[in-house]
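One structure below.
Values in this text are rule-based calculations from the coordinates and carry no lab data. What you see is a predicted model; the values in this text were computed from it and never measured.
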Amino acid sequence: MPLPRALPEGEVVVHDVLADQAAGYKHRDGVRAGGVALAREAGLWLGRDRASIVVDRLPGTAAFPRPSASARLFTLAPGQVGRYRANFRFTGCGCAPSWHYEEWLVHVGHGAVASFGAPDRDVDHRVRLYG
């Protein structure tokens, strides 16, 4: 999914794309800009290490793979791009046991990025979700 041509100004800009089976996998997307709280809403923690950006994945609510403590994904120097791929299985509450699956493809750019080509850092946490 390409980035929108005009991105809003902000410390953090999130381009969120959803392809839901219930909607026939039709893409829905939106762009939001703000502070680092936007990254936390997406399950990421952004920190600084001198001129670099440190990206960690926050623990989540997935049933599988089981949530763990925060995990360091990568550190990006100015101008670098990182890619994080993962998949998860979520369960509903005990009163309505239903399952749904999510597959994430997350790109993080440190600074202005016109497009995402080959990443400088690549982390693949995809697992087999069926035993």
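Here are some notes:
- Entry note, the chain: the mean residue ellipticity at 222 nm calculated from DSSP H runs of n ≥ 4, each adding -39500 (n - 2.57), is -500 deg cm²/dmol after division by the residues and rounding to the nearest 500.
- Over the range 1-63, the ratio between the Cα radius of gyration and 2.2 N^0.38 Å evaluates to 1.33.
- Taking the Cα atoms of the range 1-111, the ratio Rg/Rh between the radius of gyration and the Kirkwood radius comes to 0.99.
- Interchain or long-range residues, amide H under 5 Å from His125's placed H: Arg85, Ala86
- Whole-Hz couplings from phi, Karplus 6.51/-1.76/1.60, listed for the range 15-20; x for Gly and Pro: 10, 9, 10, 10, 10, 9
- Against the rule of thumb 2.2 N^0.38 Å, how large the Cα Rg of the range 68-131 comes out: 1.45
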